[in-house]
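The values are calculated or read from the model by the stated rules, or taken from the named source; none is laboratory data. These figures come from a predicted structure and were not determined experimentally. Methodologically, a virtual Cβ is constructed for each residue, glycine included, from the backbone with ideal geometry; neighbour enumeration extends over all protein chains shown. All accessible areas refer to the heavy atoms of the entire protein, side chains included, with ligands and DNA or RNA removed. Shrake-Rupley method; radii C 1.70, N 1.55, O 1.52, S 1.80 Å.
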Amino acid sequence: ATEASASASSSSAPAPASVAADPSARSRSPRGRLLKKRRFFRRKSSRAPKENFLVLPQDGFEGEDEEEDEGAEPLPELSLLEQANQCLEAFPPQTGQARELLERALEAEPESFEALDTLGVLLSEEGEAEKAREVLLRSAKLRPEAGAEKFLYLAQLSAGAEALGHFTRGASILKAEFEALKVAAEAAGAERSTGTSSSSSSTGPPPAAEATAAKASVERRLAPLRQQFAGVQASIAELYMTELGDEADAEDKCEAALAEGLAMHASSLELLTSMVAHRKIQGCADDAGAKAAALAAVAAVKSAIEAAEAESDEDDDDLMRPCVELPDEEAVAGLCRHLIDLEQTSEARELLVGLLERDEEDLRAWVLLGWCHVVEKDPETAKDCVRHGLRLVKQHGGESDDFKPELQKLLKKAQATAAAPKPLEAIEEENE
């Protein structure tokens, strides 16, 4: 949101607010907030446990024969790594205990790449970048041919050509995993379908229904890898639009990364948003291709929201089915910046209202919504957005204060078409 009004026109008619990065952005600092915050892997604990499940008494039911328990085989003792994973998969995650267990596991087995990977990711997400980098590099040296996760985290802890190398390695591992899983899943589905058809009775489901179910099962298993691979290709494209933008073939390599990602996941929000950014850097902001990519990204957001809402209404216990999550707020805000630049304000406004329904105190969304109204020549509503933003800044303080200069820019632009401009201090007094 801090880029939302980078180049306000001096004319009286409000122009698009240059909400996204301009071509000079590739000389700026590494990759930007969107790339640094990208999550390629989500832990199981991201989904809250279902309510209304049956809780068995810890001491057993009344009248239960305790002698039978004495003869039962004891459960196998969990390894330190397994205990650490349980801590991380808990709700909420027990990161401190997990870290202690992982460190003990590495003391006992220093070359355990599984423990190194898990600890490296944990350190990275806890903000200990240097320690995370050291641990992940050890793991990459021990097992460079497997484990995409460590390479993707290493890429986000690196810059320039080194980051590109890690992303490329992670992408190749993900693609190999995808192809292997696809072959195995399709073979299992075909075998299940054949077995079902040979033993089916008149009361059983028709073969077409079995085939459809088998195909859906395969796609559910492939979907997470599609999303991860698309995110990596979007990151590679962003590198060629920023840090590696001065390379002679940067434009072609950016196009290639986007094409490869879209070939696997045509509705990826990250890829479609990166495509819009690439077209704008090329100076094609008015090109139909940029607008088409932006509108395709809007459709992807709406489709993901519908899928998440549909899943929340389902009452099933299929724990193997991947969790459908709402689109990332930061990615949606990035798309809205592009939409405003392309004067697709009705689409941007709809998405921003959706963000505010999820969090009515989202300052970034209020700022971008204000720019929507500026482009639509509705200065009074834009000033309403400024008032909401100022209330939130005053209420929360801290990092929220960073939005105050942006609100000042938005107010000035809105007042450019207003009959009686008011200073920011006057609007603050009105709020009080």
Hits in the stretch 355-389 - residues which are surrounded by fewer than 20 Cβ atoms within 10 Å (Cβ to Cβ) and either of a type in the set (Phe, Trp, Tyr) or at positive phi (or both): LYS377
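Would you mind listing the helices (runs of 4 or more DSSP H) fully within the stretch 201-309 where at least 3 residues are under 23 Å from ASP341 (Cα atoms) and at pLDDT below 90?
Output list reads 269-281.
From GLU73, GLU68, grab the single residue that is outside any loop (DSSP other than H, G, I, E, B), acidic (Asp, Glu) and modelled with pLDDT under 95.
After ruling out the rest, the residue left standing is GLU68.
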Would you point out the residue of the stretch 261-271, among those that are open to solvent by 30 Å² or more (accessible area, probe 1.4 Å) and free of Cβ contacts under 8 Å to residues at least 40 places away in the same chain, that is farthest from the chain's Cα centre (by Cα)? ALA263
Checking the structure you have, find out if any residue of the stretch 412-430 is more than 19 Å from ARG364 (Cα to Cα), modelled with pLDDT of 85 or more and not in a loop (DSSP other than H, G, I, E, B). yes
Checking the conditions here, which among GLU145, GLU177 is in contact (Cβ under 8 Å) with a residue 24 or more places away in the chain and not in a loop (DSSP other than H, G, I, E, B)? GLU177
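Results for (1) charged (D, E, K, R); (2) modelled with pLDDT under 85, shown as yes or no for each residue.
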site: ASP328; (1), (2): yes, yes
site: GLU357; (1), (2): yes, no
site: GLY389; (1), (2): no, no
site: SER400; (1), (2): no, no
site: LEU410; (1), (2): no, no
Can you tell me which of ALA230, ALA250, ALA277, ALA237 is open to solvent by less than 40 Å² (accessible area, probe 1.4 Å), touching a His at 6+ places or on another chain (Cβ under 9 Å) and either charged (D, E, K, R) or more than 13 Å from PHE167 (Cβ to Cβ) (or both)? ALA277
Where the second residue is of a type in the set (Asp, Glu) and at pLDDT 80 or above and the first is closer than 22 Å to PRO327 by Cβ and lies in the stretch 209-232, which pairs have Cβ atoms under 8 Å and are six or more apart or on separate chains? LEU225/GLU177; ALA230/GLU270; GLY231/GLU270
Does LYS412 satisfy being closer than 21 Å to ASP341 by Cβ and either open to solvent by 20 Å² or more (accessible area, probe 1.4 Å) or under 29 Å from the mean Cα position of the chain (by Cα) (or both)? yes
Select the helices (runs of 4 or more DSSP H) contained entirely in the stretch 345-404, then report the ones holding at least 1 residues which are under 16 Å from GLN415 (Cβ atoms) and among the hydrophobic types (A, V, I, L, M, F, W, C). 363-375, 379-396
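Filter the helices (runs of 4 or more DSSP H) completely within the stretch 78-133 down to those with at least 1 residues that are in contact with a His (Cβ under 7 Å, 6 or more places away or on another chain), modelled with pLDDT of 95 or more and open to solvent by 20 Å² or more (accessible area, probe 1.4 Å).
So the answer is none; nothing clears 1.
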Hey, does the stretch 136-148 have a residue that's farther than 23 Å from PRO224 by Cβ, surrounded by 19 or more Cβ atoms within 10 Å (Cβ to Cβ) and either within 21 Å of the chain's Cα centre (by Cα) or of a type in the set (A, V, I, L, M) (or both)? no
